[in-house]
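Okay, structure first, notes after.
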Amino acid sequence: MEIRYEIFLLILGAGIVTLIPRILPLVVLSRFQLPDWARRFLNHIPVAIMMALLAQEIFVPTFHSSKFFAALPAFAVAILTRSLLGTVVVGILAMMVIRHLL
Amino acid sequence: MKQKITEAHLDEEGFVQGVKDCLPTVLGYLSIGFAAGVIEKTAGLSIAEIALVSLLLYAGSAQFILAGMLLTHSSISAIIFTIFFVNLRHLLMSAALAPYFRHLPPWKNMLIGSQLTDETFGVAIHHTANKTMLNERWMLGLNITAYLNWAIANVAGGFFGQWITNPESFGLDFALPAMFIGLLVLQIIHRKNWMVDLIVALSAIGLVVGSSYLFSGSGAILIATILSATIGVIIEKWK
């Protein structure tokens with residue numbers, strides 16, 4: 001039951017880089033407006049980064065077939081139920097089944 | 001007199017109403033927080049570290065990334081970098097709420113912003129209908145309820161996770177990719193901008209695979225994210 005120094009630094013660093021985009025617009029934008037181009041660019045960031053991170057998990061450095069086949073039911077559940085928790089649970093279960101079959 | 005009326009009106013939706021308006025989201029995030037706690041525990045974090053990360057970082061996707069990348073032995077700088085990019089989406093939510101808190105001093109806006117999450121944003125932006133400003137006590141009630149719920153769920157998950165010794169055989173290493181799938185699909189469905197979003201997503205796949213021949217893991221992510229978001233902007237302008 002302890003807090004290691006490097007884990008503390010990791011949590012602190014992650015906390016700071018998360019805090020800044022959370023508070024900056026609320027504090028600053030009562031005086032300024034975000035320029036339109038910046039707003040449109042930021043609008044595409046979530047889809048772009050989620051897909052990039054997911055693709056890296058599955059296709060880099062080589063094609064991971066187990067992750068690819070676990071991703072299929074997770075996608076289906078996400079589209080059909082729109083439940084984040086359901087997607088995570090089905091993804092984990094699919095991975096467990098695939099790993100025990102292979 | 002006018003001042004009094006405004007205050008009386010705001011009192012009706014004070015702290016307690018904020019707590020009540022948070023309740024519909026409590027069960028869903030209790031479960032996700034619990035799952036995050038289990039993953040954090042199996043990634044090697046102690047209960048104290050889980051409590052700390054849920055209180056200081058307080059972001060589901062970021063905590064899944066932190067735990068998932070610790071599990072695969074990524075460097076600390078790569079983890080922080082990835083979390084920064086994933087959480088840039090808060091910029092937009094914070095900007096969208098800013099007009100409703102113009103009446104507050106900067107330190108109160110900082111406090112409100114520091115507890116901004118996908119769920120509290122969703123509740124708050126829904127609550128702004130037909131309003132020009134939001135009551136900060138209502139917002140505080142909403143935020144504190146979500147915050148405590150999250151911390152409790154994480155620690156409970158951490159205790160449960162102690163019983164799991166080999167996370168891979170339970171498929172738990174797939175929790176992070178599954179989380180990305182969930183967030184990605186929910187975003188695309190919610191935005192109703194299918195064509196552009198699909199092109200951005202396909203570009204991101206091609207760009208991250210292509211650039212990973214030339215750059216490190218996080219470098220490839222950075223390039224793929226910036227270029228595919230730019231492609232999205234260009235396509236929208238072009239249509």
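The values are calculated or read from the model by the stated rules, or taken from the named source; none is laboratory data. Just so it is clear, the structure is predicted and the values come from calculations on it, not from any experiment. With ideal geometry, Cβ positions are generated from the backbone for all residues, glycine too; neighbour counts draw on all protein chains shown.
Cβ-Cβ distances below 6 Å connect the following pairs, each with a first residue in the stretch B:109-120 that is under 13 Å from B:Leu97 (Cβ atoms) and touching a residue at least 40 places away in the same chain (Cβ under 8 Å), a second residue that is polar (S, T, N, Q) and buried (at least 20 other Cβ atoms within 10 Å of the Cβ), and a separation of six or more residues or different chains: B:Gln115/B:Asn143; B:Thr120/B:Asn143. Looking across A:Ala76, A:Ala71, one residue alone is without any contact (Cβ under 8 Å) to a residue 40 or more places away in the chain and crowded, with 19+ Cβ neighbours inside 10 Å. It is A:Ala71. Looking only at residues of the stretch B:161-177 that are crowded, with 23+ Cβ neighbours inside 10 Å and touching a Phe, Trp or Tyr at 6+ places or on another chain (Cβ under 9 Å), we find that the one that is nearest to A:Val88 (Cα to Cα) is B:Ala175.
Residue count for the stretch B:208-239 under the criterion of being within 25 Å of the chain's Cα centre (by Cα) and either of a type outside the set (Gly, Ala, Ser) or within 11 Å of A:Ala52 (Cβ to Cβ) (or both): the result is 16.
Confirm whether B:Leu148 is closer than 22 Å to B:Leu55 by Cβ, surrounded by fewer than 24 Cβ atoms within 10 Å (Cβ to Cβ) and at pLDDT 85 or above. Break it down into steps so the answer makes sense when it comes.
Working: closer than 22 Å to B:Leu55 by Cβ: yes; surrounded by fewer than 24 Cβ atoms within 10 Å (Cβ to Cβ): yes; at pLDDT 85 or above: yes.
So B:Leu148 passes the test.
B:His126 falls short on exactly one of the conditions (1) surrounded by fewer than 16 Cβ atoms within 10 Å (Cβ to Cβ); (2) modelled with pLDDT of 85 or more; (3) closer than 22 Å to A:Pro46 by Cα; (4) of a type outside the set (A, V, I, L, M, F, W, C), and that condition is (2).
Exactly one residue out of B:Gly210, B:Gly219, B:Gly158 is in a helix (DSSP H, G or I), modelled with pLDDT of 90 or more and surrounded by fewer than 15 Cβ atoms within 10 Å (Cβ to Cβ), and it is B:Gly210.
From B:Leu70, B:Leu57, grab the single residue that is facing chain A (nearest Cβ under 10 Å), within 24 Å of B:Leu88 (Cα to Cα) and surrounded by fewer than 24 Cβ atoms within 10 Å (Cβ to Cβ). Explain how you work it out, then say what you get.
Details: B:Leu57 fails: surrounded by fewer than 24 Cβ atoms within 10 Å (Cβ to Cβ).
Exactly one of B:Leu70, B:Leu57 is facing chain A (nearest Cβ under 10 Å), within 24 Å of B:Leu88 (Cα to Cα) and surrounded by fewer than 24 Cβ atoms within 10 Å (Cβ to Cβ), namely B:Leu70.
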